[in-house]
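Report on the following structure.
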């Protein structure tokens, strides 16, 4: 928990550089990626959508971290963001009806038709049983078996007492016994984000990419600032000049001269405008057009 407080404090600090903020956020993603994925999977019942939703939840958290009043409340605050992203996904009606029984990655394990039939039948039984669990129990059991989270960690993330976590786990285990429990644990463990660096890389790219785009000055429509990403660097281009940008989450500066841009965010956290300053004087407001 102390590590979480340190990371969240660094990300929200006005004194931290953009590089320091990103480093702290990378560590925060590493600490919470499996929890976010488990929570999203518990709601959506789809491994692929759960990954998309949990990645977007981290990007949203980055955009709205300044709204967090108490750093100690981050786990529960972040869980609400994950659940909100799940609701948005559900409203889009993109959830696949057969997603719980997705066994494509195991299709070529062996060519024995009888073993393949048995394996597919077990998988159907497992995910059928999991799908019938109440959402709260499904989230709790996935959190516990995905990365063997402690009852205390799950309690902080779900914002419920440890006794409630224990009760939900006990009830879920009583419904999933023997082979079903073992197979479920194997399936979710094989999908957890922490198994490789792919998940974290996508989140990091998404965080950088929110700045990327074209910004047109309202009083000078012919002047457009273009921000692009090259690896872990942001590049600003305007009027034939190209500069490397650095700074905080809401302000980027140039190292070549005294120029800086302050970003204006919409209510949901996304960037809508750029206010440009040069030598301390406001030069104009630019709207993000793409």
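Just so it is clear, none of the values below were taken in a lab; they were calculated from the coordinates. Given the structure is predicted, the values throughout are model-derived calculations rather than measurements. In this analysis, Cβ positions are derived from the backbone assuming ideal geometry, glycine residues included, and neighbour counts consider all displayed protein chains.
Please compute the contact order of segment 211-288 in relative form: average sequence separation of alpha-carbon pairs under 8 Å and at least six residues apart, divided by the residue count, as a percent.
Reported relative contact order: 24 percent.
How many angstrom lie between the C-alpha centres of segment 131-193 and segment 39-64?
Centre-to-centre (Cα) distance: 17 Å.
Over segment 138-231, what is the relative contact order in whole percent, taking alpha-carbon pairs under 8 Å and six or more residues apart?
Taking the mean separation of contacting Cα pairs over the length of segment 138-231, I get 20 percent.
With label points built 7 Å along Cα→Cβ from the Cα atoms of residue 281 and residue 125, find their separation and express it in nm.
About 7.8 nm separates the two model spin labels.
Modelled label-to-label distance, residue 272 and residue 177, 7 Å Cα→beta-carbon offset: nm?
So the label points at residue 272 and residue 177 sit 5.7 nm apart.
What do you get when you divide the Cα radius of gyration of segment 211-288 by 2.2 N^0.38 Å, with N the number of residues?
1.01
Peptides 139-146, 197-204: what's the order by average Cβ count within 10 Å, highest mean first?
The densest-packed peptide leads the list: 139-146, 197-204.
Pull out the extension gain between residue 265 and residue 218, defined as 0.36 nm times the separation in residues minus the alpha carbon to alpha carbon distance; nm, one decimal.
Value of the extension gain: 15.2 nm.
How do the peptides 210-217, 232-239 rank, highest first, by the average count of neighbouring beta carbon atoms within 10 Å per residue?
The densest-packed peptide leads the list: 210-217, 232-239.
Place a point 7 Å from Cα of residue 167 in the direction of its Cβ. Which residues in segment 31-63 have their backbone N less than 12 Å from it?
No residue qualifies, since no backbone N sits under 12 Å from the label point.
Residue 209 to residue 152: FRET efficiency via 1/(1 + (r/R0)^6), r the Cβ-Cβ distance, R0 30 Å, to the nearest 0.05?
Approximately 0.30, to the nearest 0.05.
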